[in-house]
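Below: the structure, in structure tokens.
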Amino acid sequence: MVSPQTLSDSDRRIVARWAAACAARVVPLFEAEASAQDEIRDALDRTRAYSEGRSSAAEEIARRFIAVKAAKAAVSPAGAAAARAVAQASAVAHMGAHALGAAAYAVKAVSLANAGRPEKVDEEIRWQIADLREGERVALRLLPPLGEDAAGPLAGGLLSRGVLGSTIIRIQRQIA
């Protein structure tokens, strides 16, 4: 049985644009050796290519862990979160729910880079919501609420805790 978090290929392509946009905003926070930075930029480019129909889900699924590995080279927690935002965006080809993961990790990166400035988190979430196109909103509404489906990234795991979980809940409530 397919998880409702998967979404159809066409819906995954639609939300991949937004996931890449969310991740791209925080990529400047990622500092690491040159090869890891290249891998992060490549993963972001591949996500954009997937969203535009220039690559297949199979191609992207096969390469989705490259950004996860590159994130380990980050020199700061904010940079690691930024790289994980890209990794989540690149995983949208596999499962659409990762788009919310990309947005949440982007917010986490902003939070870590701006400690003690919660208004920056609010600004980032406002930007993310404002950047959503209508088709993206429609596709994201197909996803189950955080924690209601056990088969995917929106289950009760890492994305359900802390700033990641609170971000996803805020986004889901605002687009409902």
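The values are calculated or read from the model by the stated rules, or taken from the named source; none is laboratory data. On a predicted model such as this, the values are computed, not experimentally measured, just so you know. So basically every Cβ, Gly included, is an ideal-geometry build from the backbone, and we count neighbours across all protein chains shown. All accessible areas refer to the heavy atoms of the entire protein, side chains included, with ligands and DNA or RNA removed. Shrake-Rupley method; radii C 1.70, N 1.55, O 1.52, S 1.80 Å.
Can we say A78 is closer than 23 Å to D131 by Cβ, buried (at least 20 other Cβ atoms within 10 Å of the Cβ) and touching a residue at least 40 places away in the same chain (Cβ under 8 Å)? Answer is yes for this residue.
Take the conditions free of Cβ contacts under 8 Å to residues at least 24 places away in the same chain, of a type in the set (G, A, S), open to solvent by 20 Å² or more (accessible area, probe 1.4 Å) and closer than 24 Å to R133 by Cβ and apply them to S10. Does it pass? So S10 passes the test.
S35 fulfils the conditions (1) farther than 25 Å from A151 by Cα; (2) open to solvent by 20 Å² or more (accessible area, probe 1.4 Å); (3) modelled with pLDDT of 95 or more except for a single criterion, (3).
Quick check: is even one residue across region 142-156 under 18 Å from R13 (Cβ atoms) and over 16 Å from the mean Cα position of the chain (by Cα)? Looking for residues that are under 18 Å from R13 (Cβ atoms) and over 16 Å from the mean Cα position of the chain (by Cα), one finds at least one in region 142-156, hence yes. Scanning region 96-117 for residues that are modelled with pLDDT of 95 or more and open to solvent by 10 Å² or more (accessible area, probe 1.4 Å) yields H98, Y105, K108, V110, S111, L112, A113, N114, R117. Among the candidates L140, L159, L146, which residue alone is more than 12 Å from A23 (Cα to Cα), crowded, with 16+ Cβ neighbours inside 10 Å and in contact with a Leu (Cβ under 6 Å, 6 or more places away or on another chain)? When all the criteria are applied, what remains is L146.
Here A57 passes the criteria (1) modelled with pLDDT of 95 or more; (2) surrounded by fewer than 18 Cβ atoms within 10 Å (Cβ to Cβ); (3) in contact with a His (Cβ under 9 Å, 6 or more places away or on another chain) except the one numbered (1). Within the set of pairs 6 or more residues apart or between chains, which connect a residue that is closer than 8 Å to V68 by Cβ and modelled with pLDDT of 95 or more inside region 81-93 to a residue that is open to solvent by 10 Å² or more (accessible area, probe 1.4 Å) and among the charged types (D, E, K, R) with Cβ atoms less than 8 Å apart? Matching pairs, first to second residue: R84/K108; A87/R64. Of everything in region 111-132, what is under 14 Å from I171 (Cβ atoms) and among the basic types (K, R)? Give them in sequence order. R126, the sole residue that qualifies. Within region 37-64, the set of residues being more than 15 Å from the chain's Cα centre (by Cα) and within 22 Å of V107 (Cβ to Cβ) comprises just one member, Q37. All told, V121 meets the bar of being surrounded by 15 or more Cβ atoms within 10 Å (Cβ to Cβ) and of a type in the set (A, V, I, L, M, F, W, C).
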